Amino acid sequence: MAEQDLATKPSQVKSKELKALGFIIFLLFPILTISGIGAYGFVIWMIQAFGGIVSH
Amino acid sequence: MKWFITIWRTLNKPAKYLTLGTISLSAFLMGIIFWGGFNTALEMTNTEAFCISCHSMESKPYQELQQTVHWSNHSGVRATCPDCHVPHNWTRKIARKMEASHDVWGWLLQTVNTDEKFEAKRLEMASREWKRFDRDDSLACKNCHDYASMKWESMSKLAQKQMKRAAEIDQSCVDCHKGIAHKLPDMGTSRAPELIAQVGSGESSLQVGGTYFTALTKPLYFNDTTDVEAGTLNIATKVTVLETQGDRVKVGIDGWRKKVGAGRVIYYDFGLNILSAQLSKEAALEEGVMEIFEQKEDPMTGLQWQRVEAKIWTEKDFLVKDLQPLWDYARETYSTSCSVCHTQPSEAHFDANTWPGMFQGMIAFVNMDQDTQALVQKYLQEHSSTFDKSAH
């Protein structure tokens with residue numbers, strides 16, 4: 001992979017890094033967080049629906 | 001796919017040109033912006049404007065709320081939809097939001113988009129909401145109303161008595177205060193949805209010669225096709241299947257009747273006022289319906305009783321093999337509904353003929369549909385001191 005990097009220009013690498021950063025912070029992590037929270041809520045809902053909850 | 005591999009490769013190594021400062025600062029800022037945005041969006045779904053943006057919420061529950069004290073009162077504090085219907089605790093709120101995705105289905109399939117559809121589902125929806133309140137002892141109410149802050153002196157004597165007792169056991173508010181923010185469903189005339197949910201709507205196939213129990217109060221008919229009703233068959237009554245035809249089934253009802261008038265009421269056993277079936281006068285006199293066996297005099301009343309078997313048609317549904325689930329439901333209902341106001345007497349505290357009077361005298365204080373009423377009364381009678389000799 002090192003050879004590959006040497007072959008590409010610094011400006012190309014920089015744009016790749018920026019794109020990757022943008023992808024992570026604008027798309028991937030928000031999606032993961034929202035689905036994580038959603039799954040958490042869903043699990044609690046299911047526990048309440050099937051397991052019954054201890055009310056006192 | 002190629003772009004993904006490129007990104008993956010880039011992410012897999014230390015950054016060459018972006019500084020650690022740029023990366024951490026941008027991640028930090030995005031974290032703040034994202035979390036702020038997330039909570040803003042969450043709060044947006046927690047406003048009344050959002051709730052009533054659906055027609056079915058605006059046209060019925062919202063309009064009904066406006067007739068109540070939770071909408072306008074002398075202190076000027078009002079409850080909005082989410083105050084009562086969405087838990088305030090974050091975890092529970094998220095779970096409730098997920099649960100509410102179910103409502104989106106209702107909206108897509110137009111489950112309650114008209115007045116008729118809404119009214120038809122009102123009891124089911126209200127039952128679900130009551131269950132939710134029950135689950136956490138009406139926490140939604142207690143977010144504002146606090147037993148500890150109640151000013152007993154300004155309550156009437158009767159209210160004080162009831163509220164103090166409720167405060168002692170931290171009772172769930174909706175145990176008594178149902179129908180305070182929206183109209184109460186019509187409990188008396190609808191069939192028992194909770195009972196049906198727990199016990200089921202009957203066996204899928206009936207065996208001729210088998211014995212079954214009725215899981216609802218059922219209409220009786222003269223034959224397998226007519227719509228002319230010949231009386232009613234009480235809930236939790238044992239019947240023998242004699243013949244099946246289409247949607248109808250001919251059943252045999254064993255019991256005793258008083259030899260008065262047409263003798264159209266069939267009781268569970270000799271001298272006991274436990275109702276099994278009530279035939280119309282025409283049905284009771286119809287040839288071949290009533291088979292009469294031995295006769296006995298009840299020394300208590302001086303009335304002659306006859307053992308009979310009625311052979312008559314009913315619908316195939318709501319006949320179950322096992323009686324126990326019905327009794328289980330009745331026991332739960334008895335203990336939850338009656339303990340609201342007082343310690344309920346044990347089932348065997350009265351005898352089978354005393355229970356109906358006791359029960360009917362109290363029934364006005366609780367919301368119970370007719371099927372459930374009939375079931376609970378029968379449960380009490382069949383578990384009374386007449387049968388359970390262990391009590392005094």
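We did not get these values from a lab; they are worked out from the coordinates using the rules stated. All figures in this text were calculated on a predicted structure; none of them were measured in a lab. Backbone-built Cβ (ideal geometry, glycine too); neighbour counts: all protein chains shown.
Points to keep in mind about this one:
- As a proxy for reagent exposure, ranking B:M57, B:M44 by other Cβ atoms within 10 Å from fewest up yields B:M44, B:M57.
- Region B:34-80-region A:21-45 distance, computed between alpha-carbon centres (Å): 27 Å
- All lysines inside 27 Å of B:K93 as judged from Cα atoms, apart from same-chain residues fewer than 8 positions distant: B:K60, B:K121, B:K131, B:K142, B:K178, B:K183
- Proximal aspartates and glutamates to A:K14, defined as alpha-carbon separation beneath 12 angstrom and excluding residues fewer than eight positions away on the same chain: A:D5
- Listed by chain and number, the lysines whose C-alpha is less than 17 Å from the C-alpha of B:K259, apart from same-chain residues fewer than 8 away, are B:K281, B:K296.
- Over chain B, relative contact order from alpha-carbon pairs under 8 Å, at least 6 apart, %: 13 percent
- Prolate/oblate/rounded call for region B:324-382, Cα gyration tensor, a/c under 1.5 rounded: rounded
- Trypsin sites (Lys or Arg not before Pro) lying in DSSP loop within region B:168-243, provided at most 16 other Cβ fall within 10 Å: B:K183, B:R191
- Neighbouring partner chain Cβ atoms per residue of B:89-99, average, 10 Å criterion: 5
- Extents of region A:11-50, taken as max minus min of Cα coordinates on every principal axis and listed largest first, are 56, 10, 6 Å.
- Counting, for every residue in A:21-33, the Cβ atoms of other protein chains within 10 Å of its Cβ and taking the mean gives 4.
- Rounded Å value of the spacing that divides the Cα centres of region B:312-366 and region B:194-214: 19 Å
- Rounded to the nearest 500, the 222 nm mean residue ellipticity of the protein assembly as shown from helices alone is -12500 deg cm²/dmol, with -39,500 (n - 2.57) taken per DSSP H run of at least 4 residues.
- Alpha carbon centroid spacing (whole Å) that separates region B:88-110 from region B:259-305: 54 Å
- Anisotropy class of the protein assembly as shown from Cα gyration tensor, a/c 1.5 cut: prolate
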